[in-house]
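Peer 1: Here it is, the structure, as structure tokens.
Each value in this text was obtained by applying a stated rule to the coordinates, not by laboratory testing. It should be emphasised that the depicted structure is a prediction, and the values quoted were computed from it without experimental measurement. Cβ placement follows ideal geometry from the backbone for every residue including glycine, while neighbour counts extend to all protein chains displayed.
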Amino acid sequence: MQPTAPELEILKLLWQQQPQTGRELHDQLADVLDWSYSSTRKTLERMVDKGLLQLVQQGNQNSYAALVAKVPTLAALAQDFASRVLELKQPLPLAMFADSALLSAEDLQALEQQLQQLERGDEPC
């Protein structure tokens, strides 16, 4: 299941550092999402239900960790956008990801493999 835009913002934070509490995530996303803390909590609950996040109970605090890996998720999103929105039929060029602050050199290599698998119609790892 592909994440929505707000869910992707949460995942990007968790891919950088996890676990994080709902309050920590909300505070970091306040300028991006511009919504209430209760909306953040509800989104986190839905993401747990969808299998995108894991609820980690630490004492009396609930924290969250990503259950979906960064590279396969981004590859699937990019491939879906390219084929569904742009109607591209050829493989995506890896160069379009080269300047991403979200991806390391190792991530780029893994992303290239994921994109090739998606192009062949294989399920991502």
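Peer 1: Can you pull out every residue in the range 58-106 that is part of a helix (DSSP H, G or I), surrounded by fewer than 18 Cβ atoms within 10 Å (Cβ to Cβ) and in contact with a helix residue (DSSP H, G or I) (Cβ under 6 Å, 6 or more places away or on another chain)?
Peer 2: Listed by number, the list holds a single entry, Leu94.
Peer 1: Still on this model: Across the range 36-57, what is the total count of residues that are in contact (Cβ under 8 Å) with a residue 24 or more places away in the chain, exposed (fewer than 15 other Cβ atoms within 10 Å of the Cβ) and part of a loop (DSSP other than H, G, I, E, B)?
Peer 2: So the count comes out to 1.
Peer 1: Would you pick out the residues in the range 31-52 that are over 16 Å from Ala5 (Cβ atoms) and among the aliphatic types (A, V, I, L, M)? Steps first, answer last, please.
Peer 2: Taking the range 31-52 and keeping what is over 16 Å from Ala5 (Cβ atoms), we get 36-38, 41, 45, 48-49, 51.
Across the range 31-52, the qualifying residue is only Val48.
Peer 1: Restricting attention to the range 82-96, does a residue exist that is under 26 Å from Thr40 (Cα atoms) and either without any contact (Cβ under 8 Å) to a residue 40 or more places away in the chain or of a type in the set (Phe, Trp, Tyr) (or both)?
Peer 2: No, there is no match, as no residue in the range 82-96 is under 26 Å from Thr40 (Cα atoms) and either without any contact (Cβ under 8 Å) to a residue 40 or more places away in the chain or of a type in the set (Phe, Trp, Tyr) (or both).
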